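Participant: Take a look at this one; I'll ask things after.
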Amino acid sequence: MRISIVGTGYVGLVTGLSLASLGHKVICVDNDTKKVNKINNGESPFYEPDISELLKNMLLKKTFYATENLEESVLESEITIIAVGTPSVNDQIDLSFIEKATQQIGAALKEDNKYHVVAVKSTVLPGVTEQIVKPILEKYSQKKIGENIGLCMNPEFLREGSALEDALQPDRIVIGQADSRSGEEFAKIYSKFSCPKIFTNLWTAELIKYAANSLFATLISFANEISRISESTNKIDILDVWTGVHLDKRLSPVVGNKQIKPGMLNYILSGCGFGGSCFPKDIKALASFADHQKTEAKLIKSVIEVNKTQPHRMIVLLKKALGENLKGKRIAILGLTFKPNTDDIRESATFPIIEELISEGAKIICHDPMAYKKYIPTKLKILPINLAVSVNEALKNAEAAMVITGWDEYVKLTPQFFKKNMNKPIVIDGRRIYDKTVFTKAGIIYQGIGL
Ligand code: NAD
């Protein structure tokens, strides 16, 4: 099928490449000229495992290209997917990119004589596709949804760091449809996938995405709240608590003779807080939607509150090890991205930690394997911090190392490495990636979340 995708960020590019690899002809549209040129030159604008190879392959096969020309792309395709950003502004969803993109798609469709399906893939609150996208599309195209145009809402569940794998082997495909013809036509793009396909109305598809994200975020905040209780006793290691909880067969079912560890358990672990481009903004948007609907959302609001204060636990642990006065102390921060295997630093738990350290007068040197490899993001440029080219450089003369992101490169670090590179090694483990006993025995002053 011929597919155009409007918005070529993480979701747009990954979706476009995976659909092209399934044999569709895909045009990815973006209004950022630099991004479009980069993509057409075979360079991914962001880091994601295996994406560069797939991009080069699809460009060579001529089943994929990027452009700024939205109108032409829409007219050359049968399906248009909207994958623009839906950021959070004052804790509310900002729909300006959705509205603008929909107007442009509608105006292009005015000139289209064939049946065309528009699908919203961006994460939008219940009601947005029907109450905002639909009237704009109808107004600008001067056509009727259900007659000459189809409309779907197709939430995306990919996770940065394993985005291609998630897009190519989805757990399920959710298709919210304005009418059955829209759903049927749109589902053809996924005909090669054998996973369950769920057809719902537009509103349900929208809430499925928010419910999924809120569930995982709730598990994380729950795990972090329990770790605070654990820390308050000075008697419990939270890792032992989660081992005991996870072994419940309802969480880790026994299949044959083997007890399996579902991926969900990774969310029932304590750390220094969740971040990223989705969880924080989506949970806040859902809470504000609940307010708008005049329904209580106490639990969802608490998830945000717990997460807001969790990074501060790292400062408490640092002071336990290094003393109350951080003025002039050189602190190494290991990890700027919100999770490993991505270069995305949006809403990373690192930033509230860095800001608190700055306000206490500490000197900060950061390391991350990916966050500033392609270019230095403005967010990092404006902070009074130094960026190290290696972990060794970050640790040199540092009085403490704080591990914020569980990169493999950090997981592999040994106590000997810290001892060799630091005068008096203090390690604050925000992801509990090190063995407390091994590190302590080796002479490291070790503190970790939930200890
Ligand atoms: P992004 O900010 O990385 O990309 C959005 C792109 O849209 C940008 O490149 C921007 O230049 C482009 N754009 C905006 N308006 C445009 C227009 N009128 N015409 C052409 N291009 C335009 O965003 P993202 O991370 O890819 O997220 C997109 C949506 O998908 C969001 O709603 C997000 O919540 C959702 N989502 C994201 C993820 C994720 O892991 N990033 C996962 C699932 C869902």
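Laboratory data are not the source of any read-out in this text; all were calculated from the coordinates shown. On a predicted model such as this, the values are computed, not experimentally measured, just so you know. In this analysis, Cβ positions are derived from the backbone assuming ideal geometry, glycine residues included, and neighbour counts consider all displayed protein chains.
Participant: Tell me, what is the percent relative contact order of the stretch 311-451, built from C-alpha pairs under 8 Å that lie six or more residues apart?
Facilitator: Normalised by residue count, the contact order of the stretch 311-451 is 27 percent.
Participant: So which chymotrypsin sites (Phe, Trp or Tyr not before Pro) in the stretch 343-442 pass both tests, a DSSP loop state and at most 14 other Cβ atoms within 10 Å of the Cβ?
Facilitator: Answer in residue order: Tyr375.
Participant: At a Förster radius of 25 Å, what calculated FRET efficiency corresponds to the Cβ-Cβ distance of Asn423 and Glu393, to the nearest 0.05?
Facilitator: My answer for the efficiency is 0.95.
Participant: Within the stretch 33-81, report the GluC sites (Glu not before Pro) that DSSP leaves as loop and that have at most 11 other Cβ atoms within 10 Å.
Facilitator: none
Participant: Sticking with this structure for a sec: Name the residues of the stretch 143-170 whose amide N is less than 20 Å from a point 7 angstrom out from the Cα of Glu184 along the C-beta direction?
Facilitator: It comes to 144-154, nothing else.
Participant: Determine, for Ser221, Ser277, the number of other Cβ atoms within 10 Å of each Cβ, and report the residues in order from fewest to most.
Facilitator: The most exposed by this proxy come first: Ser277, Ser221.
Participant: Ok, one more. If you keep only loop residues by DSSP, which trypsin sites (Lys or Arg not before Pro) in the stretch 17-125 have at most 14 other Cβ atoms within 10 Å of their Cβ?
Facilitator: Qualifying residues, ordered by number: Lys62, Lys110, Lys114.
Participant: Once the Cα atoms of helix 298-309 and of the chain are each reduced to a long axis, what angle between those two axes, in degrees from 0 to 90 to the nearest 10, is obtained?
Facilitator: Helix 298-309 sits roughly 50 degrees off the main axis of the chain.
Participant: Modelling each spin label as a point 7 Å along the Cα-to-Cβ direction, I'd like the Val438/Glu72 distance in nm, to one decimal.
Facilitator: Between Val438 and Glu72, the simple spin-label model gives 5.7 nm.
Participant: Of the listed pairs Lys100/Lys121; Lys56/Lys374; Lys61/Lys339; Lys34/Lys144, which have alpha-carbon separations greater than 25 Å here?
Facilitator: In this structure, Lys61/Lys339; Lys34/Lys144 exceed 25 Å between Cα atoms.
Participant: With 10 angstrom as the radius, rank Thr414, Thr123, Thr67 by how many other C-beta atoms surround their C-beta, starting from the fewest.
Facilitator: Fewest-to-most Cβ neighbours within 10 Å comes out as Thr414, Thr67, Thr123.
Participant: Would you please give the FRET efficiency between Leu383 and Ser194, computed as 1/(1 + (r/R0)^6) with r the Cβ-Cβ distance and R0 = 45 Å, to the nearest 0.05?
Facilitator: About 0.45, to the nearest 0.05.
Participant: Would you mind ranking Thr63, Thr33 so that the residue whose beta carbon has the fewest other beta carbons within 10 Å leads the list?
Facilitator: The most exposed by this proxy come first: Thr33, Thr63.
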